[in-house]
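For reference, the structure discussed in these notes is given below.
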Amino acid sequence: TAALPALHRNDFPPGFAWGCSTSSYQIEGGVHEGGRVESIWDRFCARPGAIRDGSSGAVACDHYHRWPQDLDLARELGTNAYRFSIAWPRIWTPGGTPNAQGLDFYDRLVDGMLERGLQPWPTLYHWDLPQPLQEQGGWAARDTVHAFTDYVDAVTRRLGDRVGQWITHNEPWCTSIHGHLDGVHAPGQKDFATALQVNHHVLLSHGLAVPVIRANVPDARVGIALSLHPVRPASSSDDDAAATRRHDGLRNRWFLDPLAGRGYPEDMLALLGELAPRTQQGDLDAIAVPTDFLGLNYYFPEAIAHAPGQGPLQTRVVAQPGVERTAFGWEVAPLGLTELLLRIHREYAPRAVHITENGSCYDDAVQDGAVHDSARRAYLVRHLAALCTAIAEGVPVQGYFAWSLLDNFEWAEGYTRRFGLTHVDFTTQQRLLKDSGKWYRAFLRGEDV
Ligand code: GBH
């Protein structure tokens, strides 16, 4: 294995937020407790074949009961921030009044973070829509936008005195495309026009939630977390270059452009024609509301080829031969993070950027009471070094959240993919810090690593 770059915590700016990320459905379990209603993921997991190992998040890491211990883990790592998500199904009730037990749970959780010196970074929507709202049309229905802002109002009123950072949505691309075009995520639909309409409503709900948050939380810092990818042509042909531009149009620009006040990209609107979302007057202005930071979830770059007949975009993601990959098959490309950050800074100049997720999946095994995940440790070191390069080039990155604190329910992959810095035995619920987590802890303590 190649030598890893030397890193020191002081290489990063003062005040940097260091954390781990999690999400509600992936760790909480306790799906029938505290007045929680069914979510679209509970329903989707019951579909035969939807989840690789036939599992669900019904128990997951049992974080709903074990959260004090999990927050202790985050503190022992030496992190000063913690990104989690709030489960809308714990707050939603048929009558419209927020569920007090659900608010109480997150109230205690936030206090638990503050007691441990962890700055809370909640995400308001990480894919677990209340199933009753799906029955009324889900994100394809414009009413869901207003249901979301009501929910955001209730949560920020309750927690806003202690929580100054808010992330509206996690990865709208996944909500719309995985949920409504390729159908691999809940609610498992497969229709291009629906996916784009859903996407518009999700972005609109972000835009309308921001002023609600600001009204309830003085001096709030608000942002959205996007999964963005560096894209490059699979060959030097003109066709692949044009295909890459189209792929980028839906993967990256479809989000960055409207959030930056430029509307949806014209080239894509022309290409999509009738598939483009129906918008109302004022929608694009709402979406363009100024935010305080961009949350960036970075995993892997994509190589694109022209693919006649492959949907309206006529593009195809091409696996690159000979590259390093994680157990999920995702390319390991730390320089892609630098490249992506420089591009975002150059073309969109967000006020600040937080890496809200970055991490890797490997087939970990416990050996003599330890998990020697040297590949994950190397992944972490190299991505932090790549982040340092971008910061040195002037990109205003102010935080890094490793995905994830714990092994957890990895959506369509069930429990077959481990991303944690902490190993979880899903039979005994025992937690065990992996070597990668020990590296992160040493780094955060300011040791030379
Ligand atoms: C993030 O999604 C999520 O925010 C987080 O919840 C998740 O656990 C983490 O990354 C790791 O996946 O092979 O067709 O089933 C990243 C986006 C979502 C992209 C799952 C790949 C699988 C596509 N990823 N998707 S498929």
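Remark on the stretch 210-269: Rg and Dmax equal 16.2, 52 Å (Cα only).
Would you please classify the overall shape of the stretch 1-100 from the alpha carbon gyration tensor, given that a ≥ b ≥ c denote the square roots of the eigenvalues, rounded means a/c under 1.5, and beyond that prolate means a/b larger than b/c while oblate covers the rest? Judged from the Cα gyration tensor, the stretch 1-100 comes out prolate (a/c at least 1.5, a/b above b/c). The value of relative contact order for the stretch 43-147, using C-alpha pairs under 8 Å at least six residues apart, is 27 percent.
Percentage of Cα-Cα pair distances in the stretch 197-333 greater than 26 Å, rounded to whole percent? Percentage above 26 Å: 35. Between amide H atoms placed 1.01 Å from N, distances below 5 Å from residue 87 occur with no residue 5 or more places distant or on a separate chain. Phi-derived couplings, Karplus 6.51 cos²θ - 1.76 cosθ + 1.60 at θ = phi - 60°, listed residue by residue for the stretch 243-251: 5, 5, 4, 5, 4, 4, x, 9, 6 Hz, with x used for Gly and Pro.
Here the contact order of the chain, divided by its residue count and restricted to Cα pairs under 8 Å and six or more residues apart, works out to 19 percent. One equal scatterer on each Cα of the stretch 357-404, no solvent, Debye formula: the resulting log10 I(q)/I(0) at q = 0.22, 0.30, 0.33 Å⁻¹ is -0.82, -1.14, -1.22.
The three principal axes of the Cα atoms in the stretch 334-447 give end-to-end lengths of 48, 36, 19 Å, sorted in falling order. Comparing 209, 225, 307 in a Gaussian network model of the chain, where Cα atoms under 10 Å apart are tied by springs, the biggest mean-square fluctuation is seen for 307. For residue 399, the amide hydrogen comes within under 5 Å of the amide hydrogens of 17, 355, counting only partners 5 or more places away or on other chains and with H modelled in the peptide plane. Springs between Cα atoms under 10 Å define the GNM used for the chain, and in it the highest mean-square fluctuation of 303, 402, 17 occurs at 303.
Give me the Å³ per residue figure for the convex hull around the C-alpha atoms of the stretch 171-220.
Numbers: hull volume 3.3 nm³, N = 50.
About 67 Å³ per residue, rounded to a whole number.
Taking the convex hull of the alpha carbon positions in the stretch 110-184 and averaging its projected area over all directions gives 5.9 nm². Just to be sure I understand: of the beta bridges DSSP finds with both ends in the chain, what percent are antiparallel, rounded to 5? Taking every DSSP beta bridge with both residues in the chain, the antiparallel ones total about 20 percent. In the Gaussian network model of the chain, springs joining C-alpha atoms below 10 Å, which of 48, 265, 89 carries the largest mean-square fluctuation? Largest GNM mean-square fluctuation: 48. Taken per residue, the accessible surface of the chain reaches 38 Å², heavy atoms only and a 1.4 Å probe. With Cα atoms as the point set, the chain shows a radius of gyration and Dmax of 20.8, 62 Å. Net length available on complete extension from residue 33 to residue 69 is 11.0 nm, with 0.36 nm assigned per residue and the Cα-Cα distance removed. Beta bridges from DSSP with both residues in the stretch 346-449: antiparallel share about 50 percent, rounded to the nearest 5.
The values are calculated or read from the model by the stated rules, or taken from the named source; none is laboratory data. Computed from a prediction, not measured in an experiment: that's the story for all the values here. Heavy atoms of the whole protein, side chains included, go into the accessibility calculation; ligands, DNA and RNA do not. Shrake-Rupley method; radii C 1.70, N 1.55, O 1.52, S 1.80 Å.
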